[in-house]
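Shown next, in structure tokens, is the structure this report addresses.
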Amino acid sequence: MPTNIQTKTRMNLALPCDYRKHGIGCPRKRKSIARWCEPHWEAIATTGHVDGRLIPRSAYKAISANAFVYVFANRDHPDIARALDYIRGHVINPGRMPSPPYKKPRGLKQIIEQQVYVELRRLQTPAPVQKGTGVPGEVVTFDRPEPVTAEEVLASCVGVWLAVKLNANLLMNDGECLNFALANGVLLLRRYRLISAWSATGQSLQRRPPGARVRRALGETLRHLSPVCDQIAERLAHCIKETPEQVRARQADENRPLPEAKPNELVVPLPVEPAAPVPAPRLTHYELPARYPRPLLRDLSSSALIAKWSEVERLWSLYPDGKIPVTFKKEN
């Protein structure tokens, strides 16, 4: 029995969050039609992982400043020039287009491209920031930020890359989470879009951060800069403040260097035999959900719940052991 989106949303809101870690779940209810609750949904939409956390700007702001000076001074180097041309072609120039690529995007690919254009356009046309209350007699000034340049984008990517390289605990993995981190570093170069809304209490400004689709698409684009980011990070590594343990180890090595190891003392890793592939267990049956009492007819959403209960009871009558073969086909 088909159900509309409102009924599916009400049914989904009654379910607990799908988060599981060490056998313990999340007691909060789901958000709209998503599998997660509000905090976990926000984490996976901004970091690419349900347990991820945003990297604070303080972790890479100073590194990005050093990287910007280095990139600007060596912008004629072939590798850096090639990276800057790539950024201009995929990040800067698309944002300079006065109109979006599609009037009515059709399909998921065009929708994502349209959403990415909105954020790239924001980086090239940043909104001015008003400083002052606008009271008569007071001076009101406007801070008009400049458009984002290719050097800023590359410096931001290098800052995030080197910060993650120095502290691996900032990310859950170096795959999609790193893509999201690179995109977040670039998207935060200018202020997010603000939407003006009026209510009974007056006017309010609501910030509109980009969604997960934009972060994923932009992160995959910036990931092509990985070789250049790694090269620049190696040149800037000596500018990073060392930990106390690293300082003591370096000073001890300079004052009393240890003797070199002899050939018979060198550690040679033993060859490891390739592991034999383990065949995956063949799936033959599906498990039926647990049986429960018939729901009561209380509101409009009860009909969908009763229909679902009837279907589960019919399957239990056909398969009393609770296992459905994989060859089972639902009757239309």
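Laid out as a table, the results:
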read-out	value
Top-ranked residue of segment 141-171 - restricted to ones that are surrounded by 14 or more Cβ atoms within 10 Å (Cβ to Cβ) and polar (S, T, N, Q), ranked as nearest to Asp85 (Cα to Cα)	Thr149
Candidates Ala45, Ala67, Ala83, Ala62, filtered to the one that is part of a helix (DSSP H, G or I), at pLDDT below 90 and surrounded by 14 or more Cβ atoms within 10 Å (Cβ to Cβ)	Ala62
Residue in segment 157-172 that is modelled with pLDDT under 90, touching a Gly at 6+ places or on another chain (Cβ under 7 Å), not hydrophobic (A, V, I, L, M, F, W, C) and not in a helix (DSSP H, G or I) present	no
Counted residues, segment 190-213 - those being among the hydrophobic types (A, V, I, L, M, F, W, C) and within 26 Å of Thr149 (Cβ to Cβ)	1
Hits in segment 212-230 - residues which are closer than 8 Å to Ala183 by Cβ and of a type outside the set (A, V, I, L, M, F, W, C)	Arg215, Arg216, Gly219
Flag if Val312 is under 27 Å from Thr9 (Cα atoms), at pLDDT 80 or above and either of a type outside the set (Ser, Thr, Tyr) or under 38 Å from the mean Cα position of the chain (by Cα) (or both)	yes
Tyr19 vs. criteria in contact with a helix residue (DSSP H, G or I) (Cβ under 8 Å, 6 or more places away or on another chain), at pLDDT 90 or above, surrounded by 15 or more Cβ atoms within 10 Å (Cβ to Cβ) and of a type outside the set (A, V, I, L, M)	no
Test: residue in segment 2-13 that is among the hydrophobic types (A, V, I, L, M, F, W, C) and exposed (fewer than 13 other Cβ atoms within 10 Å of the Cβ)	yes
Of all residues in segment 201-223 being of a type in the set (Gly, Ala, Ser) and in contact (Cβ under 8 Å) with a residue 40 or more places away in the chain, the one that is surrounded by the fewest Cβ atoms within 10 Å (Cβ to Cβ)	Gly211
Test: Gln114 is without any contact (Cβ under 8 Å) to a residue 24 or more places away in the chain and within 21 Å of Val153 (Cα to Cα)	yes
Within segment 28-79, tally of residues that are of a type in the set (Lys, Arg) and either under 16 Å from the mean Cα position of the chain (by Cα) or within 22 Å of Val164 (Cα to Cα) (or both)	3
Residue pairs meeting the criteria (Cβ under 6 Å; at least 6 apart or on separate chains; first in contact (Cβ under 8 Å) with a residue 60 or more places away in the chain, in segment 70-84; second among the polar types (S, T, N, Q))	Ile80/Asn74
Arg191 being in contact (Cβ under 8 Å) with a residue 40 or more places away in the chain, of a type outside the set (Asp, Glu), part of a loop (DSSP other than H, G, I, E, B) and under 17 Å from Gln115 (Cα atoms)	yes
Test result for Lys8, of a type in the set (Lys, Arg), at pLDDT below 90, part of a loop (DSSP other than H, G, I, E, B) and within 30 Å of Ser302 (Cβ to Cβ)	no
Qualifying residue in segment 127-134 (condition: at pLDDT 90 or above and either part of a helix (DSSP H, G or I) or touching a Phe, Trp or Tyr at 6+ places or on another chain (Cβ under 6 Å) (or both))	no
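The values are calculated or read from the model by the stated rules, or taken from the named source; none is laboratory data. Being a predicted model, the structure only gives us computed values, none of them experimental. Glycine gets a Cβ as well: all are built from the backbone with ideal geometry, and neighbour counts include every protein chain shown.
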